[in-house]
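Each reported figure results from applying straightforward, stated rules to the coordinates on display, with no laboratory input. Just so we're clear, the structure is a prediction, and the values are computed from it rather than from any experiment. Every residue, glycine as well, gets a Cβ built from its backbone with ideal geometry; the counts of neighbours run over all protein chains shown.
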Amino acid sequence: MGQEQPTQWEIPTPTDTTYNGWKNHATWCVALWLDNDTQESSDYLHELSNRKHNQPHILADILREQVSTWWYDLVELYQLPESSMWGDLMTGTLQGVDWQGIIDAHRELD
C-alpha cells in the first residue's frame, strides 16, 4: 500500500529538517549574512566566537542580543511599524535561529 496523499489542508513534514548543513533555514540565513554581509560583521562573529573567557552558550546569547539590536535599530531608523507582518516574521525567524550552532561553527579549535 502506498503512502497517503495529504489533503489540501495538510502540509507534509519533511524528514530532513536541516538546511545546507545548519539546523534550519533561519540559522543558515543568519550565519550566511554575518559571514558575507560586511567585513565588520564577519570580524565581529569570528572575534565573538573565539572569546576565551566566556562559555559558548553565553556567547550565543550575546550574538542573539546583538542581531536583535541590529533589527530594532533598523525598525527605528526606517520608522517601521512595531506591529506588522514583517516584524512578526522577523521576530519569529530570529527565535528559530540556533545561535549556539553559529558560535560553535566559528570557534577555532585549540
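For the reader, a short list of remarks on this structure follows.
- Taking THR27, THR69 and counting other C-beta atoms within 10 Å, the order from fewest to most: THR69, THR27
- Compared with the alpha-carbon gap, the fully stretched path from GLU108 to ASN20 is longer by 29.6 nm at 0.36 nm per residue.
- Residue order, fewest to most surrounding Cβ atoms within 10 angstrom, among MET85, MET90: MET85, MET90
- Estimated distance in nm for a label pair at THR91 and ASP73, the labels positioned 7 Å out from Cα along Cα-to-Cβ: 2.1 nm
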